[in-house]
1. Too long at a 24 Å Cα-Cα cut-off: which of 65/131; 102/155; 65/121; 36/112; 65/147; 40/155?
2. Please list 125, 30, 150 in order of solvent-accessible area, largest first, computed with a 1.4 Å probe with all protein chains present.
3. How much net charge surrounds residue 59 when only other residues with a Cβ under 12 Å from its Cβ are counted (Lys, Arg +1; Asp, Glu -1)?
4. If you take Kirkwood radius over Cα pairs in Å from the coordinates, which of [x] 17.5; [y] 17.0; [z] 18.9 do you get?
5. Using a 1.4 Å probe on the protein heavy atoms, what percent of the accessible area of the chain belongs to carbon and sulfur?
6. Report the Cα centroid-to-centroid distance between region 17-59 and region 84-161 in angstrom, as an integer.
7. Which of the aspartates and glutamates could be linked to residue 48 by a straight reach, that is with a Cα gap under 19 Å, when you skip same-chain ones fewer than 8 residues away?
8. What residues have an amide H closer than 5 Å to that of residue 99, excluding those fewer than 5 places away on the same chain, when H is modeled at 1.01 Å from N in the peptide plane?
Amino acid sequence: MYQVSDQSLASLQKAPVDFTATSPFLFDNDKVQNVKLTWKGQSWMLAKTDKDKVTAEASWKLGDKDLKGSEASPLLDQLSFLHTAQLPQPASSQSTANGEFKVEIGLSVDGKDTTEVYEGKLSQDQVWLAKQGGEWAYLLTAADVQKVADAYAGKPEEASK
């Protein structure tokens, strides 16, 4: 028989959300050609100008501002890092269309250009977000979405808080 502290056992106590993909955005940064982000009526466009280069080596534009790959990568990561703290819900159970948050990601996969569209609707201080045609809706905080918008708006001091 072994004696184990409560503290040791606490790390083994997991909730169902601990075993679930909690980010609505799953993409390979190197396949991204552009991102159009819209939040509360304002839009920003991040576009790769060196289409055949990987993200870190490519030149990018955010609106009319030129960016290096090292400046564009964190903007893509901002999307990847958005996650829910709750179990995703079936997309059919949440209204997400025509909301305040929309992300359109242009990808080049195996020489074919595709666009993935995500739509989110604000409800108090939370946003339900789902990929068009996707199975799941993810509950994000409006504050986290605002941080992403601030980063795309060129307010890095806000995005890092």
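1. On the way: 65/131 28 Å; 102/155 19 Å; 65/121 29 Å; 36/112 19 Å; 65/147 20 Å; 40/155 16 Å.
Checking Cα-Cα distances, 65/131; 65/121 exceed 24 Å.
2. Working: 125 100, 30 70, 150 20 Å².
Heavy-atom accessible area, descending, gives 125, 30, 150.
3. Details: positive: 48, 51, 53, 61, 65, 68; negative: 50, 52, 57, 66, 71.
After counting each charged neighbour, the total is +1.
4. Among [x] 17.5; [y] 17.0; [z] 18.9, the one calculated here is [y].
5. Details: 4750 of 9790 Å².
That share works out to 48 percent.
6. The two parts, judged by their Cα centres, are 11 Å apart.
7. 28, 30, 57, 64, 66, 71, 77, 104, 110, 113, 116
8. Long-range HN contacts for residue 99: 120.
The values are calculated or read from the model by the stated rules, or taken from the named source; none is laboratory data. These figures come from a predicted structure and were not determined experimentally. Ideal geometry is used to build each Cβ from the backbone, glycine not excepted, and the neighbour counts take in all protein chains shown. Calculation scope for accessible area: heavy atoms of the full protein, side chains included, ligands and nucleic acids excluded. Shrake-Rupley method; radii C 1.70, N 1.55, O 1.52, S 1.80 Å.
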